[in-house]
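Right, one structure below, let's go through it.
The values are calculated or read from the model by the stated rules, or taken from the named source; none is laboratory data. As the structure is a computational prediction, the values presented were derived from the model and not from experiment. Here Cβ is always computed from backbone atoms with ideal geometry, including for glycine, and neighbour counts include all displayed protein chains.
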Amino acid sequence: MIVLAGTIGAGKSSLTEMMATHLGSQAFYESIDDNEVLPLFYANPEQYAFLLQIYFLNKRFESIKQALVDDNNVLDRSIYEDSLLFHLNADLGRATATEVKVYDELLANMMEELPFAAQKKHPDLLVHIKVSFETMLNRIEKRGREYEQLSFDPSLYDYYKELNLRYDKWYDEYDESPKIQIDGDRHNFVDDPLAKEYVLRLIDEKLAEIRK
């Protein structure tokens, strides 16, 4: 099982599709377009941050159990970075201490259940796509979801900036599995076929190293 990580607009969904096609496996995508809670969160983050994270946590737990059934399945975001996202919102005053306690206990229980649900707890490889804050903003603007735009809510600028910074620290501290970092600015695999080929080759080499 391969899991992707990265900030909003990093290219996780695109690389997930590329990798699943390349490996002849199944892709599991984060619930975005059919997520009825996400627009509510962007409109009122203080009220809906906890509900949104519980929604995502449930979906990610379900996806990771399904992905572990067969070899080489790819998830475009996983339960392993869920805490980063919720604790950022909590630090911004969007969740109460009680909500944080309930969330942390629920996540811990889910992580303990994974070995029983799927015979193993950890992914085989984490692929982190690192992009600059400028690239992140450009891609958010380009994909055009109204509720994500700075024109919709200028305060999102600080939220996005802090989120991007925290991913660097999160990746450095991540030790649940082997990992590899892709420079999404230098290797624009979304638009450049040569970059796509290079990134897939890097991942193939890392998987071969792991399997030894």
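Just a few scattered comments:
- Flag if L40 is closer than 24 Å to D168 by Cα and not in a loop (DSSP other than H, G, I, E, B): no
- Between K65, K101, the distinction of being outside any loop (DSSP other than H, G, I, E, B), more than 19 Å from K12 (Cα to Cα) and more than 17 Å from the chain's Cα centre (by Cα) belongs to K101 only.
- Filter result (closer than 18 Å to E148 by Cβ and out of contact with any helix residue (DSSP H, G or I) (no Cβ under 8 Å at 6 or more places or on another chain)) within segment 24-50: D33, D34, E36, N44, E46
- Of the residues making up segment 121-136, those that are over 17 Å from V69 (Cβ atoms), in contact (Cβ under 8 Å) with a residue 40 or more places away in the chain and out of contact with any strand residue (DSSP E or B) (no Cβ under 7 Å at 6 or more places or on another chain) number 4.
- Complete set of residues in segment 163-212 that are in contact with a helix residue (DSSP H, G or I) (Cβ under 8 Å, 6 or more places away or on another chain), among the hydrophobic types (A, V, I, L, M, F, W, C) and closer than 22 Å to N72 by Cα: I180, I182, F189, V190, V199, L200, I203
- Extreme residue, modelled with the highest pLDDT, among residues of segment 187-212 that are more than 21 Å from I2 (Cβ to Cβ) and either under 20 Å from the mean Cα position of the chain (by Cα) or not in a helix (DSSP H, G or I) (or both): D192
- Residue check, T16 of a type in the set (S, T, N, Q), in a loop (DSSP other than H, G, I, E, B) and either modelled with pLDDT of 90 or more or closer than 24 Å to E113 by Cβ (or both): no
- K65 vs. criteria within 30 Å of I210 (Cβ to Cβ), in contact with a helix residue (DSSP H, G or I) (Cβ under 6 Å, 6 or more places away or on another chain), charged (D, E, K, R) and touching a residue at least 40 places away in the same chain (Cβ under 8 Å): yes
- Taken together, the criteria exclude S177 from residues that are among the small types (G, A, S), over 30 Å from V69 (Cβ atoms) and part of a loop (DSSP other than H, G, I, E, B).
- When F86 is tested against (1) within 21 Å of E176 (Cβ to Cβ); (2) in a helix (DSSP H, G or I); (3) at pLDDT below 90, only condition (3) is not met.
- Total residues in segment 9-49 satisfying the condition of being in contact with a Lys or Arg (Cβ under 8 Å, 6 or more places away or on another chain) and either charged (D, E, K, R) or within 16 Å of Y159 (Cβ to Cβ) (or both): the figure is 7.
- Residues of segment 4-51 satisfying the condition of being touching a Phe, Trp or Tyr at 6+ places or on another chain (Cβ under 7 Å), of a type in the set (A, V, I, L, M, F, W, C) and free of Cβ contacts under 8 Å to residues at least 24 places away in the same chain: V37, L40, F41
- Subset of segment 1-12 (residues that are within 9 Å of the chain's Cα centre (by Cα) and within 16 Å of A67 (Cβ to Cβ)): V3, L4, A5, K12
- When segment 89-107 is limited to residues that are hydrophobic (A, V, I, L, M, F, W, C) and farther than 14 Å from Q53 by Cα, the one that is modelled with the highest pLDDT turns out to be A97.
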